[in-house]
Amino acid sequence: MQTIVITPSGELFNEEVDYVVVSSERTGEFEVLDNHAPLISAIDVGYLKLVRGDEVLFAVVINGAFEQRDSVVHVLAQEAHVGLDKQNALDHLNAVRKERLEENRRRTRDFLKAERELKENIREARASKT
């Protein structure tokens, strides 16, 4: 069955698999085989176990929606990463999230600095008019 994982950054995974195991903190764990009845589920924090023959991959998912219909699985996730095992995928996802957090902090510092400079320039401009 075709399995597609999409994040805001784009398509993360798009391949044929034999079956998918979905695990989520709130909804538990379930398996979806080819020709499964249509199914929709939320994935708060969890993973997909993607099995194709002897090959197993894991996609760690944060805040996602799972849909299976007509032997096609779609997962829309706020954040996700695919790895050879759950820990590998989770470690990479955490590293990416940490990097984004640091970038957001840097941008916030730069914005606050620019805002202070702007306020100071406005104050100086008003003072020169008197």
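The values are calculated or read from the model by the stated rules, or taken from the named source; none is laboratory data. In this text the structure is predicted, and so the values were computed from the model without any measurement. Methodologically, a virtual Cβ is constructed for each residue, glycine included, from the backbone with ideal geometry; neighbour enumeration extends over all protein chains shown.
Show the residue pairs meeting these rules: Cβ distance below 6 Å; 6+ apart or different chains; first residue within the range 1-24 and within 15 Å of Gln68 (Cβ to Cβ) and touching a residue at least 24 places away in the same chain (Cβ under 8 Å); second residue hydroxyl-bearing (Ser, Thr, Tyr) and loosely packed, with under 15 Cβ neighbours inside 10 Å.
As it stands, the answer is Met1/Ser71, since those pairs meet every condition given.
For residues that are more than 17 Å from the chain's Cα centre (by Cα) and polar (S, T, N, Q), tally how many sit in the range 48-86.
Of the residues in the range 48-86, 2 are more than 17 Å from the chain's Cα centre (by Cα) and polar (S, T, N, Q).
Assess whether Glu67 counts as being within 26 Å of Arg97 (Cβ to Cβ) and of a type in the set (Asp, Glu).
Considered against the rule, which asks whether it is within 26 Å of Arg97 (Cβ to Cβ) and of a type in the set (Asp, Glu), Glu67 comes out as yes.
How many residues are surrounded by fewer than 14 Cβ atoms within 10 Å (Cβ to Cβ), polar (S, T, N, Q) and modelled with pLDDT of 95 or more when one looks only at the range 1-47?
Total meeting the criteria: 2.
Identify all residues within the range 103-130 that are acidic (Asp, Glu) and loosely packed, with under 10 Cβ neighbours inside 10 Å; write none if there are none.
Result: Glu124, single match.
Can you tell me which of (1) surrounded by 13 or more Cβ atoms within 10 Å (Cβ to Cβ); (2) among the charged types (D, E, K, R); (3) without any contact (Cβ under 8 Å) to a residue 12 or more places away in the chain is the one Glu55 doesn't meet?
With (1) surrounded by 13 or more Cβ atoms within 10 Å (Cβ to Cβ); (2) among the charged types (D, E, K, R); (3) without any contact (Cβ under 8 Å) to a residue 12 or more places away in the chain applied to Glu55, the lone miss is (1).
Can you tell me which residue among Leu112, Leu57 is at pLDDT 90 or above, within 30 Å of Thr3 (Cβ to Cβ) and not β-branched (Val, Ile, Thr)?
On inspection, the qualifying residue turns out to be Leu57.
Within the range 76-97, track down each residue that is among the polar types (S, T, N, Q) and either in contact with a His (Cβ under 6 Å, 6 or more places away or on another chain) or within 18 Å of Val56 (Cα to Cα) (or both).
Result: Gln87, Asn88.
Any idea which of Glu103, Glu99, Glu79, Glu67 is at pLDDT below 90, out of contact with any Asp or Glu (no Cβ under 9 Å at 6 or more places or on another chain) and within 23 Å of Ile40 (Cβ to Cβ)?
That would be Glu79, the only listed residue that is at pLDDT below 90, out of contact with any Asp or Glu (no Cβ under 9 Å at 6 or more places or on another chain) and within 23 Å of Ile40 (Cβ to Cβ).
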